[in-house]
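J.: My questions will all concern the structure given below.
The values are calculated or read from the model by the stated rules, or taken from the named source; none is laboratory data. Note that the coordinates shown come from a computational prediction; the quantities given were computed from them, not determined experimentally. Because the Cβ atoms are built from the backbone with ideal geometry, glycine has one as well, and the counts that use them run over all protein chains shown. We work out accessible area using only protein heavy atoms, side chains counted, and drop any ligands, DNA or RNA first. Shrake-Rupley method; radii C 1.70, N 1.55, O 1.52, S 1.80 Å.
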Amino acid sequence: MVYNVPLIIFMDDISGNISKQWNKHHVIYMSNANLPCEMLEQEFYVQFVTSSPHAASMELMHAMKESILNAAELGIIAWDCKDNEEVILIPHVLFIAGDNPMQGEECSQAGLKCNYFCQTCEVGGNKEYKESDTGYSTLFKSGSHHAPERMINTIKEQFCIAMLLGATEKVRMSVSTTSTQDSISLCILHTLIDLGKRLRKQEAGTPAVPESQVREALEKEFASLLQGADLEDAINPLLGMKGVNIHLNMPMEVLHTILLGIVKYFWTQMVFLLEKAKLLTTFQSHLDSIDRDGLNAPSLNAEYICCYKGGLIGKHFKSLAQVMPFVIHDLVPQCMMDGWTTIRELVVLLWHTEINDTEEYLACLSWTIEDFLNITCICAPSILISKPKFHFLVHLPTYIHRFGPALLFSMERYESFNHLF
């Protein structure tokens, strides 16, 4: 018997110290996506793979990729204790989980602050374009999907540009216009640019080095840095991974995008309005008087929430999203009230562990996301330009249709596993 084993791969940077002193480590964990959701949430089923304080994140991922591909090619012989027979396991990557900055690095994207900020599609542009009517409307829908082949070609073009005169500005313009930046080969790219600057620098009284000699020296140094390998072997290993489209196999996760994203943004705006109107004490009284019977909201300590309003974490925002419309109904403008009401509906939809009718669920989710983005436009139009996580909501129905409930690709189980490491 041959069994197909879909894997969830998680990578993050954490501190290796128990103390507050930061000691950066990159870690990779793994889960078997065949398991039921309630089992996936248990620490026992989160498997530690590798960690290093020295190797870069994509260097670890390169080793991870080779290990999975070798296992898929040869198969893993195991014993089926239920049927009492030998079986062959064929592992493959279902999707790769991580927070938003790590996901950007894993798909060679320049980050959330670049012009084209989305890891999934090509939406975006410069500030002037996004502020225009045409550009602003694109933030409410998915653009054409990124293609790994195009990303690879762009990275190769940047290495060709690094050989030219004025490479620093030309490479910067390439990153600005494409938002493609490969972290694993960035050191080689910068080495070539710096060498080109030194070779072309003309000292007083000495003739300039001919461009042909500069180009020859750069090509020789480039070959030396690659150590006999092809350029494709030195760039992001996930872009060319067999059976994986990194831009579609990297779903948006709900912890950082929803709770520590849009919910936190609305919370910050609401606190500003309450303090301006001197109503924060009234809000605290309302929150303290909420009947908690039947609520799955253990983190509703009103005094703590109002005292440390700038330092709340995911569990606080999850609790607040459930009760906020009942607490602020007479304290904030109607558009803010509508925003929190829609957030509550969105959180309820996303924290499903099982979907019975996929078409009905996705239609309801899409309507709720559209309503929320429209309400956000009324409350704070500029936030959709400055905060990419609002656009990421547009891709949620696609990822849920592709992989299942959003909780399946939540990071919370892996974040909580960090304390064991």
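J.: Within the stretch 371-421, which helices (runs of 4 or more DSSP H) (wholly inside it) include 3 or more residues that are of a type outside the set (A, V, I, L, M) and open to solvent by 20 Å² or more (accessible area, probe 1.4 Å)?
T.: 396-403, 412-417
J.: Mind listing whichever residues of the stretch 345-360 are more than 24 Å from the chain's Cα centre (by Cα), assigned to a helix (DSSP H, G or I) and not charged (D, E, K, R)?
T.: Matches in the stretch 345-360: T358 only.
J.: Tell me, please, whether a residue that is part of a helix (DSSP H, G or I) and open to solvent by 90 Å² or more (accessible area, probe 1.4 Å) can be found in the stretch 249-271.
T.: No, the stretch 249-271 contains no residue that is part of a helix (DSSP H, G or I) and open to solvent by 90 Å² or more (accessible area, probe 1.4 Å).
J.: Can you tell me which residue among D13, D80 is closer than 21 Å to S416 by Cβ, charged (D, E, K, R) and open to solvent by less than 60 Å² (accessible area, probe 1.4 Å)?
T.: Exactly one residue qualifies, and that residue is D13.
J.: Now for a separate question. Quick one: in the stretch 136-189, of everything that is outside any loop (DSSP other than H, G, I, E, B) and in contact with a strand residue (DSSP E or B) (Cβ under 8 Å, 6 or more places away or on another chain), which residue is nearest to I369 (Cα to Cα)? Can you show your working first?
T.: As a first pass, look at the stretch 136-189 and keep what is outside any loop (DSSP other than H, G, I, E, B): 136-138, 145, 148-161, 167-178, 180, 186-189.
Within this subset, residues satisfying the condition of being in contact with a strand residue (DSSP E or B) (Cβ under 8 Å, 6 or more places away or on another chain) are 145, 151, 154-155, 158, 174, 180.
Numbers: H145: 20, M151: 29, T154: 33, I155: 34, Q158: 37, S174: 33, T180: 28 Å.
Checking each candidate, the answer is H145.
J.: Related question: Would you confirm whether or not the stretch 365-379 contains a residue that is of a type in the set (S, T, Y) and more than 30 Å from K127 (Cα to Cα)? Can you show your working first?
T.: First, the residues of the stretch 365-379 that are of a type in the set (S, T, Y): 366, 368, 376.
Those still in the list that are more than 30 Å from K127 (Cα to Cα) too: none.
Checking the stretch 365-379: not a single residue is of a type in the set (S, T, Y) and more than 30 Å from K127 (Cα to Cα).
J.: How do the strands (runs of 3 or more DSSP E) wholly within the stretch 1-77 filter down when requiring 1 or more residues that are out of contact with any Ser or Thr (no Cβ under 7 Å at 6 or more places or on another chain) and among the charged types (D, E, K, R): which remain?
T.: It comes to 2-15.
J.: Further, regarding this structure: Looking only at the stretch 16-36, filter to residues that are modelled with pLDDT of 85 or more and of a type in the set (S, T, N, Q); which one of those is surrounded by the fewest Cβ atoms within 10 Å (Cβ to Cβ)? Can you show your working first?
T.: Our first condition is that a residue be modelled with pLDDT of 85 or more; within the stretch 16-36, this holds for 26-36.
Filter again for of a type in the set (S, T, N, Q), leaving 31-32, 34.
Numbers: S31: 23, N32: 17, N34: 13.
Looking at the filtered set, the residue picked out is N34.
J.: Being of a type in the set (A, V, I, L, M, F, W, C), closer than 30 Å to V332 by Cβ and either at pLDDT 90 or above or assigned to a loop (DSSP other than H, G, I, E, B) (or both) is the requirement here; does L192 meet it?
T.: Numbers: of a type in the set (A, V, I, L, M, F, W, C): yes; closer than 30 Å to V332 by Cβ: no; either at pLDDT 90 or above or assigned to a loop (DSSP other than H, G, I, E, B) (or both): yes.
No; evaluated as a whole, the condition is false for this residue.
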